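Participant: Would you mind keeping the following structure in view while I ask a few things?
The values are calculated or read from the model by the stated rules, or taken from the named source; none is laboratory data. Note that the structure is a prediction, hence the values are computed from the model and not measured. Virtual Cβ from ideal backbone geometry, glycine too; neighbours counted across all protein chains shown. Surface areas here come from the heavy atoms of the whole protein model, side chains and all, with no ligands, DNA or RNA. Shrake-Rupley method; radii C 1.70, N 1.55, O 1.52, S 1.80 Å.
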Amino acid sequence: LCSFLGLLYQEYRDKSTREEIETRRLQDSQTDPEETSPSQETPSEAEPTSTIENKAPPQINLLRNSNSRFNLWQDLPEVQSSGVLSILQPDEIKLQEAMFELVTSEASYYKSLNLLVSHFMENERLKKILHQSEAHILFSNVLDVMAVSERFLLDLEQRVEENIVISDVCDIVYQHTVNHFSVYITYVSNQTYQERTYKQLLQDKPAFREVISQLELDPKCKGLSFSSFLILPFQRITRLKLLVQNILKKVEEKSDRESTALDAHKELETVVKACNEGVRKMSRTEQMISIQKKLEFKIKSVPIISHSRWLLKQGELQQMNGPKTSRTLRTKKLFREIYLFLFNDLLVICRQIPGDKYQVFDSAPRGLLRVEELEDQGQSLANVFILRLLENADDREASYMLKASSQSEMKRWMISLAPNRRTKFVSFTSRLVDCPQIQCVHPYVAQQPDELSLELADVLNILDKTDDGWIFGERLHDQERGWFPSSMGEEILNPKIRAQNLKECFRVHKSDDSQRRKLGSRNRQ
């Protein structure tokens, strides 16, 4: 019996990604990646399906049957009894599994969404506690999202029921993404307010806290938290893009199915980007207003708030006083504190003053910044770099010798200040034959704007690393860049597996050559 029996999407997704990690570990330990068997290479994220009469056309009914029994396409009784497994090529079987996984995972997702609505949203006690506006922020347009998932799943099921050998699913993905998936953008854009409202309700309303705790304890929830149900739509739309990528890697090159998969992937990527932008826009606007209130200009005032500006990094550094040769001075006198606000298009240099305020004494456009590392300068000048403003607030060139608290902090500032500066390892977009890679084995939530949140089984190219345990990486599936602790991942040591990962990545993004040309110099933000 399948281990995915009756799983909610959260459990199901976790099992699937863990399996993916183990598969990659196995491949990485082999001398030849082609030795991997089909079942190892294609970890399934599939919710099982029901047993049916051998000769009848498949009646999968994933939407209605949560206790179905099989999670692999090749394990379905009608597939086994039909004899197609002895006729189909191994590559086609892998493709069938990838398409089947997309369908069955949607069934699991729908099941979890249904529980969010029926068990939490429609609970009578919860309805009485929540004001209408609070309920609206908390649950947003989840009913629209569920209706879209149901319609999508019914169309996918109908396709699976047409023939034991699935013809395609990416054409259905494309149609639904174009016509219906905008509901995801609405839901995800509300995420900032949703999280804030949930925290506020837990804090201010003991009755709310009590009801949520009781509902979470219900066996239906399998020990999963209410918040894990709220973030399902964003997790799903991102995962759907990866499932289409998985199909794209397995279809025949230059075939109709490849063309359909590329179209579906491109549309999904547009929706995912819009979701990300929606979340960022909400939080960025509030952040910019907050920063503007804290700044006092000693120099000519610069308007900070702009719809196209956002914060990349902020923090304290030590500025070296006096000439570079004054190494006989004690460290305390050598440096004084300054505070930097780095935006996507502007650097503001300040000194902190009483009342949580910052006095601005210099600024420069981000494009006119250059950085240079000082090496082998002794302990007092460890982690020191030079920041040059080609044109500062006085329209002159200015240099600052700055000291960071650690090697990682120095590198992080240097890469943020000058994103086009060459990193230790060259990005995969340069088409180098090999580059260090890492796969994520522990999820990570970014704590700073220059960090990258990681999901289990993400594969990244390593662009830079520090001696104190940080990596600057570029994720293969979306080219997002950022820093994360090296303890979150395991390096992929087999060069053949690294090459295979790059080849698959280029194939997925080959429909957008112009985008790829931009990627090498693009900063994560």
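Participant: Based on this model, can you work out whether R481 counts as within 19 Å of the chain's Cα centre (by Cα), charged (D, E, K, R) and open to solvent by 20 Å² or more (accessible area, probe 1.4 Å)?
Facilitator: On the way: within 19 Å of the chain's Cα centre (by Cα): yes; charged (D, E, K, R): yes; open to solvent by 20 Å² or more (accessible area, probe 1.4 Å): no.
So R481 fails the test.
Participant: Further, regarding this structure: So C170 passes all but one of these: (1) among the hydrophobic types (A, V, I, L, M, F, W, C); (2) free of Cβ contacts under 8 Å to residues at least 60 places away in the same chain; (3) within 27 Å of F100 (Cβ to Cβ). Which condition number does it fail?
Facilitator: (2)
Participant: Of all residues in segment 223-249, how many are open to solvent by less than 10 Å² (accessible area, probe 1.4 Å) and assigned to a loop (DSSP other than H, G, I, E, B)?
Facilitator: Residues in segment 223-249 being open to solvent by less than 10 Å² (accessible area, probe 1.4 Å) and assigned to a loop (DSSP other than H, G, I, E, B): 0 in total.
Participant: May I pose another question? Residues of segment 188-222 being touching a Lys or Arg at 6+ places or on another chain (Cβ under 6 Å) and surrounded by fewer than 18 Cβ atoms within 10 Å (Cβ to Cβ), which ones? Walk me through it before giving the result.
Facilitator: Filtering segment 188-222 for residues touching a Lys or Arg at 6+ places or on another chain (Cβ under 6 Å) gives 202, 211.
Answer for segment 188-222, where residues must be touching a Lys or Arg at 6+ places or on another chain (Cβ under 6 Å) and surrounded by fewer than 18 Cβ atoms within 10 Å (Cβ to Cβ): just L202.
Participant: Follow-up. Name the residue that is modelled with the highest pLDDT, counting only residues in segment 491-522 that are in a loop (DSSP other than H, G, I, E, B) and open to solvent by less than 30 Å² (accessible area, probe 1.4 Å). Walk me through it before giving the result.
Facilitator: The first filter runs over segment 491-522 and keeps only residues in a loop (DSSP other than H, G, I, E, B), leaving 493-494, 509-512, 520-522.
Restricting the remaining residues to those that are open to solvent by less than 30 Å² (accessible area, probe 1.4 Å) gives 494, 509.
Details: N494: 92, H509: 78.
Step by step, filter segment 491-522, then rank; the result is N494.
Participant: Looking at (1) in a helix (DSSP H, G or I); (2) more than 20 Å from the chain's Cα centre (by Cα), find the lone condition where E252 falls short.
Facilitator: All conditions are met except number (1).
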